[in-house]
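Q: Let me give you the structure first, and then I'll get to my questions.
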Amino acid sequence: MIRDFQTRNGELLLPEGITRLEGGALAGEGDIRRAVLPHSIDFIGEEVFSGCVKLEEVVLPPKVRELHAAVFSGCESLHTVLLPDELTMIGEGAFLNCTALRQIRLPQALREIRELAFWGTALEEISVGEKVELIGDSAFYDCRALKRAEVLNPRADMKRDVFGNCPALMEGYIAPGFPREGNREAELLCSMLWCTCPERHTEQTAERAEKCLRERQAEVMEQVLKQNAVAVMTGLVRRRLLSPAHIDDYVAKAVQRGLTEITALLLQAKGTARDETEEEFAL
């Protein structure tokens, strides 16, 4: 623990010239609300701010290259974090259960996001840059407010359940197509995300995603209707992936829920299917 730190009106004051914050240095300190760390600091160890439940805002110094495990875990009031531009690694559980964290900008230099890094945060969207090579198990698990996600490196090694249990995630671009260690939930999620921007993907991803969407149409439409996922619905209609036999049922459910855009898209799909049927009979 650091014994000679002070706070003034909730702001952390550290000794001049300090270069390191060792593991657990400020863990559980209840008076810290804001921390603008001195530029002299180049190392922040594990669990340094873990359990600082009143901490709301952090500005990290430019020399820091790695955030170690659980550094901000359990900081349930944390809503603003400015990461240094040259940060290359976000450690295991670094922001675990930071339930007030709604947005964060990941630096372009970032290469690794370790397991559980953002588990249970309130992130609404996330963009993972082209240099990120590893996204660990459950890195964004249970981010229930997450609506949009992009993973821009097609060679990124995405482990299991990276975006597991993110029910609102219905739009984005996962450049690798599918995680290398996928499961049924991940396959369905990536297929629906593909549907929102199919033109950005490879033919191999398209083939796998279309197969999944056709085979699991009932599950897809359940999620589309539940989340009012217009972008997914648009892709399904444009790619003609809906079975004509079930469109009337989907229309009725969309009307019942007052989903006007979804309803219009389904009626468009119904008209296209009818036209195709009439053309077949004409031939």
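The values are calculated or read from the model by the stated rules, or taken from the named source; none is laboratory data. Keep in mind that what you see is a predicted model, and the values were worked out from it rather than measured. Please note: Cβ atoms are built from the backbone with ideal geometry, for glycine as well, and neighbour counts cover all protein chains shown. Accessible surface is based on the protein model in full, side chains and every heavy atom, while ligands, DNA and RNA are left aside. Shrake-Rupley method; radii C 1.70, N 1.55, O 1.52, S 1.80 Å.
Q: At 222 nm, what helix-only mean residue ellipticity would the chain give, in deg cm²/dmol to the nearest 500, using -39500 (n - 2.57) for each DSSP H run of four or more?
A: Computed ellipticity for the chain at 222 nm equals -9500 deg cm²/dmol.
Q: If you line up the long axis of helix 203-215 against the longest principal axis of the chain, both from Cα atoms, how many degrees apart are they, to the nearest 10?
A: So the inclination is approximately 70 degrees.
Q: Using the C-alpha gyration tensor of region 110-193, what are the square roots of 5 times its eigenvalues, in whole angstrom, with the largest one first?
A: Over the Cα atoms of region 110-193, the semi-axes work out to 16, 14, 12 Å.
Q: In 5 Å bins starting at 0, how do the alpha-carbon pair distances of region 133-283 split up by percent?
A: Percent of Cα pairs in each bin: 2, 9, 19, 21, 18, 13, 8, 5, 2, 1, 0.
Q: Label-point separation (nm) for A122 and N9, each offset 7 Å from Cα along Cα-to-Cβ?
A: 2.4
Q: Using a 1.4 Å probe, what is the accessible area per residue for the chain, in Å²?
A: Computed with neighbouring chains in place, this is 50 Å² per residue.
Q: Same structure again: Could you give the distance between the Cα centres of region 140-180 and region 1-74, to the whole Å?
A: 30
Q: At 7 Å along the Cα-to-beta-carbon direction for both Q217 and R184, put a label point, then send me their distance in nm to one decimal.
A: In this crude spin-label approximation the distance works out to 1.9 nm.
Q: Let me ask something else. Nearest 5 percent is fine: what portion of the DSSP beta bridges confined to the chain is antiparallel?
A: Here the antiparallel bridges make up roughly 10 percent for the chain.
Q: Please give me the summed charge of the neighbours of V255: other residues whose Cβ is under 14 Å from its Cβ, Lys and Arg +1, Asp and Glu -1.
A: Every neighbour counted, the sum reads 0.
Q: Just reorder K270, K63, K159 by solvent-accessible area, largest first, 1.4 Å probe, all chains present.
A: I get K63, K270, K159, largest accessible area first.
Q: Can you give me the Rg/Rh ratio for the chain, using Cα atoms for both radii and the Kirkwood formula for Rh?
A: 1.11
Q: Which value, to two decimals, describes the C-alpha radius of gyration of region 8-117 once divided by 2.2 N^0.38 Å?
A: So region 8-117 has a normalised radius of gyration of 0.95.
Q: While we're here: Tilt of helix 260-282 relative to the longest C-alpha principal axis of the chain, in degrees (0 to 90, nearest 10)?
A: With rounding to tens, the tilt is 30 degrees.
Q: Could you give the size of the charge dipole of region 119-266 about its Cα centre, using +1 on the Cβ of each K and R and -1 on the Cβ of each D and E, expressed in debye and rounded to the nearest 20?
A: 220
Q: Moving to a separate point now. Just L13, L189, L60 to compare: in a GNM of the chain, with alpha carbon springs under 10 Å, which one fluctuates most?
A: Highest fluctuation of the listed residues: L13.
Q: For the pair F43 and T260, how long in nm is the line joining their label points, each one 7 Å along Cα→Cβ?
A: 6.0
Q: Return an integer: the convex hull volume of the alpha-carbon atoms of region 147-231, in Å³ per residue.
A: Once divided by residue count, the hull of region 147-231 is 81 Å³.
Q: At 1.4 Å probe size, with no ligands or nucleic acids counted, give the accessible surface of F5 in Å², nearest ten.
A: Only protein atoms counted, so the area is about 40 Å².
Q: Loop-only check: which GluC sites (Glu not before Pro) in region 10-51 are DSSP coil with at most 10 other Cβ within 10 angstrom?
A: For GluC sites (Glu not before Pro) across region 10-51 that sit outside H, G, I, E and B with at most 10 neighbouring Cβ atoms in 10 Å, the list reads E16.
Q: For the chain, give the magnitude of the charge dipole about the Cα centre (Cβ charges: +1 Lys/Arg, -1 Asp/Glu; no others), in debye to the nearest 20.
A: That gives a dipole near 300 debye.
Q: Could you order peptides 168-175, 112-119 by the average number of other Cβ atoms within 10 Å of their residues, highest first?
A: Packing proxy ranking, top to bottom: 112-119, 168-175.
Q: May I ask you to give the percent of accessible area on the chain that is carbon plus sulfur, with a probe radius of 1.4 Å?
A: Result for the chain: 44 percent of the exposed heavy-atom area is carbon or sulfur.
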